[in-house]
């Protein structure tokens, strides 16, 4: 008999430290999400096709509904990244591509342009990874980014993740296959960094 993650739904948590709060996306978020996307076209939009000019409230509402359904169905686990003091929306993070048998998942994250470069993505990544390891019983979290997406790669490295490969045709972005830097984060890696 194999030991895998149960297929039951996992309740969306609220995770926090003194600077960052990760919480479920909610009906109060569409305007802030639209504004965050609009502000981040030159940074996040360079790497993520969903972050595009003209992103509107309907897309924001659809994302929020998708995120709720993901937690309910146990297939995708996105959370909003907010300022722990003001509650302002800073970005998003999540675990996805869950492999229940092998107890692994991918982690993705983004921050609005005005909040980048302050260590918030690393803090959010540490909170999300800890949740994945402790509550979802994951043994491996992969972080996958285009090789020249240095901000995302730096976050992975600060979390203690190790570069395992530059994988060919690992991503499909802007209607074409792309190489990707594939990082792996294990529970011991996270503990060693103190993140």
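We did not get these values from a lab; they are worked out from the coordinates using the rules stated. What you see is a predicted model, and the numbers here were worked out from it, not measured in a lab. Cβ placement follows ideal geometry from the backbone for every residue including glycine, while neighbour counts extend to all protein chains displayed.
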- If only Cα atoms are counted, what is the Rg of the chain, and what is its Dmax, in Å? 15.9, 50
- Quick one: if you stick a label point 7 Å off each Cα along the C-beta vector at residue 97 and residue 14, how many nm between them? 3.2
- Task: Once you have the Cα-Cα distance between residue 58 and residue 73, take 0.36 nm times their residue separation minus that, and quote the gain in nm to one decimal.
- Result: 3.2 nm
- Item | Sequence of 79, 41 once ranked by neighbouring C-beta atoms within 10 Å, starting from the fewest | 41, 79
- Note on the structure: Relative contact order in percent for the chain (Cα pairs under 8 Å, 6+ apart) equals 19
- Message: I want to verify a result. In a Gaussian network model of the chain, Cα cutoff 10 Å, which of these has the top mean-square fluctuation: 108, 125, 45?
- Response: 45
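Want the number for residue 65 to residue 173: 0.36 nm per residue separation, take away the alpha-carbon distance, what's left?
That works out to 36.6 nm of additional length.
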- Message: Between 162, 118, 154, where does the largest GNM mean-square fluctuation fall for the chain, given springs only between Cα atoms within less than 10 Å?
- Response: 118
- Item | For the chain, built as a Gaussian network whose Cα springs stay under 10 Å, the top-fluctuating residue of 35, 76, 175 | 175
